[in-house]
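Asks: Questions regarding the structure given below will be posed in turn.
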Amino acid sequence: MTKAPSLSMAQRLLLASQSMAPVAVKAALVQKLGPEQTAQLSPHMPPAQLRELILELPIDFLARVTTHLDPQLILQTYLALPDEVHLQVARQLCVIGAFATAARYAECLSAKQVKVLIYGINDADHVLQIARHIVDIDLIVQSLRSFSTGYLCRLTEAAAADDNVAISARVLSGLALPRQADVCAHLDPALLHELLPLLLEANDGLRELLPERLQAVPELL
């Protein structure tokens, strides 16, 4: 079990006064503490009061706090936040390049909520960078099931540009074979040459759905 960090004197004083101080005052105080000390303070606050405080804080500050905070320590509060806050913080984490942090927080959400994140981030490269750090790859697969073939192709192309076709293959291989075949039918032959062996290794049944595209990779015939 992850243990919440001990508190400084300033943090203890803030906790002691939280029932009396207006939320705007508390928000100003924690910003003076800075992201790291605020992260240390967060697990010690009652979930309802922490949620109220989070909704008062600037998104860029929240994003910096999350880079110092294990989401499991504030899970009840995090899950009670609006999806729009999840999205805004995830976008800001992408801006500052904190993709591993975005992945840790995304893995606390449902597949439906992750789908909302993917739609809202609306950047195939950023989604790819987050996916690289996702341990539960099935979460990404479930989230992408209803996405268009065009978007799945853009993700695959982004993976190739990042020299990481393997992550795309892991995601696509979790989709139904007709979906996999549809994506392959729309990819450039050079990219297909990299991707298709990985997909066939996961499920050779895909071969029957791609007789024409296999011509682009004759060694697999």
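The values are calculated or read from the model by the stated rules, or taken from the named source; none is laboratory data. Not measured: the values here are computed from a predicted model. In this analysis, Cβ positions are derived from the backbone assuming ideal geometry, glycine residues included, and neighbour counts consider all displayed protein chains. Note: accessible area is taken over every heavy atom of the protein model, side chains too, but ligands, DNA and RNA are not part of it. Shrake-Rupley method; radii C 1.70, N 1.55, O 1.52, S 1.80 Å.
Asks: Might you let me know whether the range 95-107 holds any residue that is outside any helix (DSSP H, G or I), farther than 19 Å from A63 by Cα and modelled with pLDDT of 95 or more? Please lay out each step first, then the result.
Replies: At the first step, the residues of the range 95-107 found to be outside any helix (DSSP H, G or I) are 96-98, 107.
From what's left, farther than 19 Å from A63 by Cα: none.
Within the range 95-107 (the criterion being outside any helix (DSSP H, G or I), farther than 19 Å from A63 by Cα and modelled with pLDDT of 95 or more), the answer is no, since none of the residues qualifies.
Asks: If R91 meets every condition in (1) modelled with pLDDT of 95 or more; (2) part of a loop (DSSP other than H, G, I, E, B) apart from one, which number is that one?
Replies: The single condition R91 does not satisfy is (2).
Asks: Can you work out which of the residues in the range 91-112 that are closer than 18 Å to D136 by Cα and of a type in the set (A, V, I, L, M) is surrounded by the most Cβ atoms within 10 Å (Cβ to Cβ)? I'd like the intermediate steps shown before the answer.
Replies: Initial filter on the range 91-112 (closer than 18 Å to D136 by Cα): 99-112.
Pick out the ones that are also of a type in the set (A, V, I, L, M) and you get 100, 102-103, 106, 109, 111.
On the way: A100: 14, A102: 29, A103: 21, A106: 25, L109: 20, A111: 15.
Among residues in the range 91-112 that are closer than 18 Å to D136 by Cα and of a type in the set (A, V, I, L, M), the one surrounded by the most Cβ atoms within 10 Å (Cβ to Cβ) is A102.
Asks: Related question: Can we say S146 is open to solvent by 60 Å² or more (accessible area, probe 1.4 Å) and either at pLDDT 95 or above or not aliphatic (A, V, I, L, M) (or both)?
Replies: It is true that S146 is open to solvent by 60 Å² or more (accessible area, probe 1.4 Å) and either at pLDDT 95 or above or not aliphatic (A, V, I, L, M) (or both).
Asks: Give the range 180-211 a look and list any residue that's open to solvent by 10 Å² or more (accessible area, probe 1.4 Å), more than 21 Å from N164 (Cβ to Cβ) and modelled with pLDDT under 90, or say none.
Replies: Within the range 180-211, A185, D204, G205, R207, E208, L209, P211 qualify.
Asks: Report yes if H126 is open to solvent by 20 Å² or more (accessible area, probe 1.4 Å), more than 22 Å from Q180 (Cβ to Cβ), assigned to a loop (DSSP other than H, G, I, E, B) and of a type outside the set (F, W, Y), otherwise no.
Replies: Numbers: open to solvent by 20 Å² or more (accessible area, probe 1.4 Å): yes; more than 22 Å from Q180 (Cβ to Cβ): yes; assigned to a loop (DSSP other than H, G, I, E, B): no; of a type outside the set (F, W, Y): yes.
Considered against the rule, which asks whether it is open to solvent by 20 Å² or more (accessible area, probe 1.4 Å), more than 22 Å from Q180 (Cβ to Cβ), assigned to a loop (DSSP other than H, G, I, E, B) and of a type outside the set (F, W, Y), H126 comes out as no.
Asks: Additional query: Among the numbered conditions (1) assigned to a helix (DSSP H, G or I); (2) open to solvent by 30 Å² or more (accessible area, probe 1.4 Å); (3) at pLDDT 90 or above, tell me where G174 comes up short.
Replies: (1)
Asks: For the range 32-75, how many residues are part of a loop (DSSP other than H, G, I, E, B) and open to solvent by 70 Å² or more (accessible area, probe 1.4 Å)?
Replies: Count: 3.
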